[in-house]
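Participant: Following this message is one structure expressed as structure tokens.
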Amino acid sequence: IDTLSLLAKNKVKGYSTGGCISDVNQSTLVGQLAHQTVSTMHANIAFFSAQSIDSNGEVYDCFEQENYLRKSMMNNADIKVLLCDDKKVGRRSPFHLCNINDIDYVVSNADLESFFNGKYRDKIIKV
């Protein structure tokens with residue numbers, strides 16, 4: 001909600017998914033209404049984040065309901081981009097989201113080429 005307000009103040013068009021405010025992450029709208037809304041949208045590029053990525057390329061998050069929304073948007077996007085800072089690398093969280101093979105690019109400040117021993121080289125964008 002804060003983000004939508006900031007976008008509006010800067011005259012940037014934004015859409016709300018609806019739904020209810022998450023009990024565990026008050027900056028997120030979740031639930032069936034949010035899921036239905038996201039499942040009807042298409043994105044040329046979907047940028048998303050998650051809490052962790054392990055050495056097998058498995059991506060996880062600690063918020064189960066948010067993963068449902070991420071998966072819906074990923075299904076409806078032409079290009080999927082994971083944003084992953086170095087604090088998320090080499091960790092696991094409770095709820096599996098996807099494998100790095102399910103996404104197109106990973107943008108990170110971490111040295112992921114070394115972390116993955118050269119695997120997934122074509123997916124990694126280092127910043």
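The values are calculated or read from the model by the stated rules, or taken from the named source; none is laboratory data. As the structure is a prediction and not an experimental result, all values here were calculated from the model. Note that we place each Cβ from the backbone using ideal geometry, even for glycine, and neighbour counts take in every protein chain shown. SASA here: full protein model, heavy atoms, side chains in, ligands and nucleic acids out. Shrake-Rupley method; radii C 1.70, N 1.55, O 1.52, S 1.80 Å.
Participant: Being assigned to a loop (DSSP other than H, G, I, E, B), among the basic types (Lys, Arg), more than 22 Å from SER22 (Cβ to Cβ) and open to solvent by 80 Å² or more (accessible area, probe 1.4 Å), is that true of even one residue in the range 108-119? Can you show your working first?
Facilitator: First, pick out the residues of the range 108-119 that are assigned to a loop (DSSP other than H, G, I, E, B): 109-111, 116-119.
Now restrict to residues that are among the basic types (Lys, Arg): 119.
Now narrow it down to the ones that are more than 22 Å from SER22 (Cβ to Cβ): 119.
Then drop every residue that is not open to solvent by 80 Å² or more (accessible area, probe 1.4 Å), which leaves 119.
Yes - at least one qualifying residue is present in the range 108-119.
Participant: Looking at GLY57, GLY19 in this structure, which one is out of contact with any Ser or Thr (no Cβ under 7 Å at 6 or more places or on another chain) and in contact (Cβ under 8 Å) with a residue 40 or more places away in the chain? Steps first, answer last, please.
Facilitator: Working: GLY19 fails: in contact (Cβ under 8 Å) with a residue 40 or more places away in the chain.
Step by step, each of GLY57, GLY19 is checked, and only GLY57 is out of contact with any Ser or Thr (no Cβ under 7 Å at 6 or more places or on another chain) and in contact (Cβ under 8 Å) with a residue 40 or more places away in the chain.
Participant: Could you check the range 52-89 and list, in sequence order, the residues that are open to solvent by 50 Å² or more (accessible area, probe 1.4 Å), over 22 Å from GLN36 (Cα atoms) and more than 9 Å from the chain's Cα centre (by Cα)?
Facilitator: If the condition is that a residue be open to solvent by 50 Å² or more (accessible area, probe 1.4 Å), over 22 Å from GLN36 (Cα atoms) and more than 9 Å from the chain's Cα centre (by Cα), then SER55, ASN56, ASP85, ASP86, LYS87 are the ones that fit.
Participant: Here's a follow-up. Is it the case that VAL30 is over 17 Å from LEU97 (Cα atoms), at pLDDT below 95 and not small (Gly, Ala, Ser)?
Facilitator: So VAL30 fails the test.
Participant: Please enumerate the residues belonging to the range 6-17 that are exposed (fewer than 10 other Cβ atoms within 10 Å of the Cβ) and either more than 23 Å from THR40 (Cα to Cα) or touching a Phe, Trp or Tyr at 6+ places or on another chain (Cβ under 7 Å) (or both).
Facilitator: Selection gives LYS9, ASN10, LYS11.
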